Amino acid sequence: MDFGIALPTAADSWKVTKEAEELGFTHAWFYDTQMLSADCFVAMGAAAVNTKRIRLGTGVLVPSNRIAPVTANALATLNQLAPGRIDFGVGTGFTARRAMGFGAIKVKDMEAYIHQVYGLLRRETVEFEMEGQKKKIRFLNPELPLFNTKDPIALHLSAFGPRTQALTAKLRAGWIDFVGKVENGIKEVEAMRGAWTAAGHAVGDLQATAFALGCVLADGEPADSPRAMAQAGPRAAVMLHRAADEALAGLKPGVAMLSTPEIEAYIALARGFEPRDAPYLENHRGHLMFVKPEEKKFVTGELIAATSFTAGEAEIKRRIGALRDGGYTQFTIQLVPGQEAALADWAKIRQAFA
């Protein structure tokens, strides 16, 4: 099983990426969440020139936030710096769009975007629409050694619903899933495998990546210890942010949404967020990076345990083993800013699966 790291991107993310490579991690995924973290392509460029083996991927890019020719150009540029080590992770948008008050893009629009990006990377002339006009575009100087369109760039889709899973299978892409509870993760990979085989692919060809946050607890350490709160609390807080988004928009809660007194109390708090016409600005501050002081009382040990890989070393190994046996081929742990030292704990876990 491969092991990766995911990062709320920092300008100097190359430092922890280089350390992860030295510790045997195979992948580093950089979040593309404007105004929450640093620019992923800038950080990946620095990582590309400071590493030799580890794969570098967008985890994940949202099509509406970067036009296709810009994305294709950035990927080809990275591919020149780290030939054959670049992964293109893409999704319909959660954090990067909700942080601006928007919902997810349409699956059909994501598919069209992917075809444009890969058409350009194949040096084809593609039709591109902007400002109400359709124009033909292509790389104009592919013969110059400015970027690399020759080495393959692997596609990975963040796909939680049946339509995006079907698209993943259609495109023979890698699959990215955010996992909290092992039982739910196994059900999700089973569904993905079903879509994959229905598309006529061998199940063994599916590359399935489980993203998670968590804390490797010491003996007797509670799930809401300061260390666990820092490392895994941000994942639990996502449930608060999502619930508030849906409640304030008058939407029906998602199927996987938890309902607890703490979540309901947070929603009540969120109804007072300023500015009143843009509560998402405060709601998503710190998203997947830190627990805001005012939301700590809602992030309980129970919520952390229910939404993350926070447990003792033996239990975490058991859970990851169950994911592997269920069909996942990669486990990726997200590190949070200021807690990069946790990489050493996860390196010990990784060694058990070497």
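The values are calculated or read from the model by the stated rules, or taken from the named source; none is laboratory data. As the structure is a prediction and not an experimental result, all values here were calculated from the model. Cβ coordinates were reconstructed from backbone atoms using ideal geometry, including for glycine residues, and neighbour counts include every protein chain displayed. For the accessible areas, the whole protein counts, side chains as well, though only heavy atoms, and no ligand, DNA or RNA atoms are used. Shrake-Rupley method; radii C 1.70, N 1.55, O 1.52, S 1.80 Å.
Please verify whether residue 32 is under 30 Å from residue 106 (Cα atoms), at pLDDT 95 or above, out of contact with any strand residue (DSSP E or B) (no Cβ under 8 Å at 6 or more places or on another chain) and not aromatic (Phe, Trp, Tyr), treating the condition exactly as stated.
Working: under 30 Å from residue 106 (Cα atoms): yes; at pLDDT 95 or above: yes; out of contact with any strand residue (DSSP E or B) (no Cβ under 8 Å at 6 or more places or on another chain): no; not aromatic (Phe, Trp, Tyr): yes.
Criteria not met by residue 32.
For the list (1) in contact with a Leu (Cβ under 9 Å, 6 or more places away or on another chain); (2) of a type in the set (Val, Ile, Thr); (3) surrounded by fewer than 17 Cβ atoms within 10 Å (Cβ to Cβ), I need the number of the one condition that residue 42 fails.
Going through the list (1) in contact with a Leu (Cβ under 9 Å, 6 or more places away or on another chain); (2) of a type in the set (Val, Ile, Thr); (3) surrounded by fewer than 17 Cβ atoms within 10 Å (Cβ to Cβ), residue 42 breaks only (1).
Could you run through segment 5-19 and say how many residues are touching a Phe, Trp or Tyr at 6+ places or on another chain (Cβ under 6 Å) and touching a residue at least 60 places away in the same chain (Cβ under 8 Å)? It would help to see each step written out before you state the result.
Kept after step one, since they are touching a Phe, Trp or Tyr at 6+ places or on another chain (Cβ under 6 Å), are these residues of segment 5-19: 5-9.
Retained after the next criterion (residues that are touching a residue at least 60 places away in the same chain (Cβ under 8 Å)): 5-8.
Residues meeting the conditions: 4.
How about segment 111-125: which of its residues are under 16 Å from residue 69 (Cβ atoms) and in contact (Cβ under 8 Å) with a residue 24 or more places away in the chain? Explain how you work it out, then say what you get.
Keep residues of segment 111-125 that are under 16 Å from residue 69 (Cβ atoms), which gives 112-125.
Across segment 111-125, the qualifying residues are 113, 114, 116, 117, 118, 120, 121, 122, 123.
Please state which of the following conditions residue 100 fails to meet, knowing it meets all the rest: (1) closer than 23 Å to residue 185 by Cβ; (2) open to solvent by 40 Å² or more (accessible area, probe 1.4 Å); (3) of a type in the set (A, V, I, L, M); (4) in contact (Cβ under 8 Å) with a residue 24 or more places away in the chain.
Of everything listed in (1) closer than 23 Å to residue 185 by Cβ; (2) open to solvent by 40 Å² or more (accessible area, probe 1.4 Å); (3) of a type in the set (A, V, I, L, M); (4) in contact (Cβ under 8 Å) with a residue 24 or more places away in the chain, residue 100 misses just condition (1).
Looking only at segment 1-39, which residues are open to solvent by 10 Å² or more (accessible area, probe 1.4 Å), touching a His at 6+ places or on another chain (Cβ under 8 Å) and farther than 20 Å from residue 151 by Cβ?
Correct list: 33, 36.
Kindly indicate the residue of segment 204-224 that is part of a loop (DSSP other than H, G, I, E, B) and open to solvent by less than 10 Å² (accessible area, probe 1.4 Å) and also farthest from residue 288 (Cα to Cα) among those meeting that condition.
Filtering segment 204-224 for residues part of a loop (DSSP other than H, G, I, E, B) gives 206-207, 213, 218-224.
Among the residues that remain, those that are also open to solvent by less than 10 Å² (accessible area, probe 1.4 Å) are: 206, 213.
Details: 206: 27, 213: 9 Å.
Among those that are part of a loop (DSSP other than H, G, I, E, B) and open to solvent by less than 10 Å² (accessible area, probe 1.4 Å), it is 206.
Of all residues in segment 46-66 being in a loop (DSSP other than H, G, I, E, B) and more than 20 Å from the chain's Cα centre (by Cα), which is surrounded by the fewest Cβ atoms within 10 Å (Cβ to Cβ)? Lay out the reasoning, then the answer.
So the first thing to find is which residues in segment 46-66 are in a loop (DSSP other than H, G, I, E, B), and the list is 51-54, 59-60, 62, 66.
Still in the running and more than 20 Å from the chain's Cα centre (by Cα): 51-53.
Numbers: 51: 21, 52: 9, 53: 11.
Checked segment 46-66; the qualifying residue surrounded by the fewest Cβ atoms within 10 Å (Cβ to Cβ) is 52.
So for segment 67-86 (the condition being assigned to a strand (DSSP E or B), open to solvent by less than 70 Å² (accessible area, probe 1.4 Å) and within 30 Å of residue 238 (Cβ to Cβ)), does at least one residue qualify?
The initial filter retains those residues of segment 67-86 that are assigned to a strand (DSSP E or B), namely 86.
Checking the rest, the ones that are also open to solvent by less than 70 Å² (accessible area, probe 1.4 Å) come to 86.
Those still in the list that are within 30 Å of residue 238 (Cβ to Cβ) too: 86.
Yes: segment 67-86 contains one or more residues that are assigned to a strand (DSSP E or B), open to solvent by less than 70 Å² (accessible area, probe 1.4 Å) and within 30 Å of residue 238 (Cβ to Cβ).
Restricting attention to segment 166-185, report how many residues are within 17 Å of the chain's Cα centre (by Cα), open to solvent by less than 20 Å² (accessible area, probe 1.4 Å) and over 18 Å from residue 88 (Cβ atoms).
Of the residues in that region, 3 qualify.
Out of curiosity, is residue 276 assigned to a helix (DSSP H, G or I) and either out of contact with any helix residue (DSSP H, G or I) (no Cβ under 7 Å at 6 or more places or on another chain) or at pLDDT 95 or above (or both)? Write out each step before concluding.
On the way: assigned to a helix (DSSP H, G or I): no; either out of contact with any helix residue (DSSP H, G or I) (no Cβ under 7 Å at 6 or more places or on another chain) or at pLDDT 95 or above (or both): yes.
No, not satisfied.
Of the numbered conditions (1) open to solvent by less than 40 Å² (accessible area, probe 1.4 Å); (2) modelled with pLDDT of 95 or more; (3) assigned to a helix (DSSP H, G or I), residue 227 satisfies every one except a single condition; which is it?
(1)
Tell me, which residue of segment 314-354 that is in contact with a Leu (Cβ under 8 Å, 6 or more places away or on another chain) and open to solvent by 20 Å² or more (accessible area, probe 1.4 Å) is farthest from residue 217 (Cα to Cα)? I'd like the intermediate steps shown before the answer.
We begin by selecting, within segment 314-354, every residue in contact with a Leu (Cβ under 8 Å, 6 or more places away or on another chain); these are 327, 329, 331, 333-336, 342-344, 347, 350.
Subset that is open to solvent by 20 Å² or more (accessible area, probe 1.4 Å): 329, 344, 350.
Details: 329: 24, 344: 13, 350: 16 Å.
Ranking the candidates gives 329 first.
When segment 1-15 is examined, which residues are found to be within 17 Å of the chain's Cα centre (by Cα) and of a type outside the set (Phe, Trp, Tyr)?
Here is the first cut: in segment 1-15, the ones within 17 Å of the chain's Cα centre (by Cα) are 2-10, 13.
Result: 2, 4, 5, 6, 7, 8, 9, 10, 13.
Would you confirm whether or not segment 291-306 contains a residue that is part of a loop (DSSP other than H, G, I, E, B), in contact (Cβ under 8 Å) with a residue 60 or more places away in the chain, of a type in the set (A, V, I, L, M, F, W, C) and over 29 Å from residue 192 (Cα atoms)? Steps first, answer last, please.
Our first condition is that a residue be part of a loop (DSSP other than H, G, I, E, B); within segment 291-306, this holds for 291-292, 299-300.
From what is left, the residues that are in contact (Cβ under 8 Å) with a residue 60 or more places away in the chain are 291, 299-300.
Filter again for of a type in the set (A, V, I, L, M, F, W, C), leaving 291, 299.
From what's left, over 29 Å from residue 192 (Cα atoms): 291, 299.
The answer is yes, given that some residue of segment 291-306 is part of a loop (DSSP other than H, G, I, E, B), in contact (Cβ under 8 Å) with a residue 60 or more places away in the chain, of a type in the set (A, V, I, L, M, F, W, C) and over 29 Å from residue 192 (Cα atoms).
Closer than 28 Å to residue 86 by Cβ, out of contact with any Lys or Arg (no Cβ under 8 Å at 6 or more places or on another chain) and either of a type in the set (D, E, K, R) or open to solvent by 50 Å² or more (accessible area, probe 1.4 Å) (or both), is that true of residue 145?
Working: closer than 28 Å to residue 86 by Cβ: yes; out of contact with any Lys or Arg (no Cβ under 8 Å at 6 or more places or on another chain): yes; either of a type in the set (D, E, K, R) or open to solvent by 50 Å² or more (accessible area, probe 1.4 Å) (or both): yes.
Yes.
I need every pair where a residue in segment 184-196 that is within 17 Å of residue 163 (Cβ to Cβ) and free of Cβ contacts under 8 Å to residues at least 60 places away in the same chain has its Cβ under 8 Å from the Cβ of a residue that is in a helix (DSSP H, G or I) and open to solvent by 40 Å² or more (accessible area, probe 1.4 Å), sequence separation at least 6 or different chains.
191/162; 195/162; 195/166; 196/203; 196/205
For the subset of segment 239-257 comprising residues that are open to solvent by 60 Å² or more (accessible area, probe 1.4 Å) and assigned to a loop (DSSP other than H, G, I, E, B), which member is modelled with the highest pLDDT?
Here the answer is 249.
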